[in-house]
């Protein structure tokens, strides 16, 4: 049920609409900041909470029930959270047979953790096979995220289809049957992530654009069965933003951790061991002296995020999926990254792209403050 709010006369808008030979005056009450304050701050989630749950405030306007996740080194709420909530809000405005096939978002401002976000859906088109929604995520009357979401009616089996797909790399085992435990510091993240151990050093003549990074990922949160397949699609959208733009830094072997190489010897043994393994695997070197010579990230932030969902009814976000990330281009202080997501059975579930700001400093210039749009340790 929509929240019951008292009309705010200071926030009253009058619309004059013409219909045939007469005019009608329509009074529209819109929500104010004071209305949102009456709802209180978002609830801190528990382990059993459905973190992507929304509350309807008025027609086509929603807000997050639970406080969203903010990565340790980020300026604001995790971008994947906002994307997933936008998809959930838009999904509520279409018929149940329509499923999201693509979405395109622009990140405009960092979102504060303790202030409610409102999601405003605009109905742009409703056809027999496709539907389109525009959406804005707002905080204190500022637009923090703007997007376009497209829905498609699933094709019936009797319809003729042209089909082809990229094949998932063979011989990659999901973590259920892989050795190695989850690093302790990642257990606070809302998704689990395991790197596929492949040596990614650049050989003679190889270019950064040729490097590919693969990980097994799954959503850690609760997904209610009652919410159907759409809830799994929203959760998958959530995890697509994890470490995504960081791929552009990884292909160039930039020092990307949120501490200086010289600080590594004073860190806990588990962290030292992990940093050593990552640096050796990705070609950053095997010692602090070598690491200190690497260029370092000064700024890394997402500008946009695009997802194409190929098999929306086959997504199970609580199961392991394989992500394959690469960066085909970087220049002018920006970088483009591309990601493919496969189910364990090899089905290509989604393809994603993202452009972001990527700036770096040569080693030993001065201490820098890292700015990331997502997690930084891995």
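Here's the yes/no breakdown for (1) touching a helix residue (DSSP H, G or I) at 6+ places or on another chain (Cβ under 6 Å); (2) at pLDDT below 95; (3) closer than 26 Å to residue 349 by Cα:
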| residue | (1), (2), (3) |
| --- | --- |
| 29 | no, yes, no |
| 42 | no, yes, no |
| 50 | no, yes, yes |
| 72 | no, yes, no |
| 79 | no, no, yes |
| 82 | no, no, yes |
| 120 | no, no, no |
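If only one of 106, 88 is in contact with a strand residue (DSSP E or B) (Cβ under 6 Å, 6 or more places away or on another chain) and in a strand (DSSP E or B), which one is it? Spell out how you get there, then give the answer.
Working: 88 fails: in a strand (DSSP E or B).
On inspection, the qualifying residue turns out to be 106.
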*Out of the residues in the range 136-152 that are buried (at least 19 other Cβ atoms within 10 Å of the Cβ) and within 16 Å of the chain's Cα centre (by Cα), which is farthest from residue 39 (Cα to Cα)?*
149
*Yes or no: residue 116 in a loop (DSSP other than H, G, I, E, B), modelled with pLDDT of 90 or more and touching a helix residue (DSSP H, G or I) at 6+ places or on another chain (Cβ under 6 Å)?*
yes
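Would you check if residue 373 is at pLDDT below 95, touching a strand residue (DSSP E or B) at 6+ places or on another chain (Cβ under 7 Å) and closer than 28 Å to residue 168 by Cβ? Walk me through how you get there before you give the answer.
Details: at pLDDT below 95: yes; touching a strand residue (DSSP E or B) at 6+ places or on another chain (Cβ under 7 Å): yes; closer than 28 Å to residue 168 by Cβ: yes.
Yes; evaluated as a whole, the condition is true for this residue.
Residue by residue, here is whether (1) in the same structural domain as residue 327 (by TED's automatic domain parsing); (2) within 23 Å of the chain's Cα centre (by Cα); (3) more than 26 Å from residue 216 (Cβ to Cβ) holds:
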residue: 235; (1), (2), (3): yes, yes, no
residue: 240; (1), (2), (3): yes, yes, no
residue: 252; (1), (2), (3): yes, yes, no
residue: 261; (1), (2), (3): yes, no, yes
residue: 271; (1), (2), (3): yes, no, no
residue: 277; (1), (2), (3): yes, no, no
residue: 299; (1), (2), (3): yes, yes, yes
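The values are calculated or read from the model by the stated rules, or taken from the named source; none is laboratory data. Here the structure is a predicted model, which means the values were calculated and not measured. Note: ideal-geometry Cβ built from the backbone for every residue, glycine included; neighbour counts use all protein chains shown.
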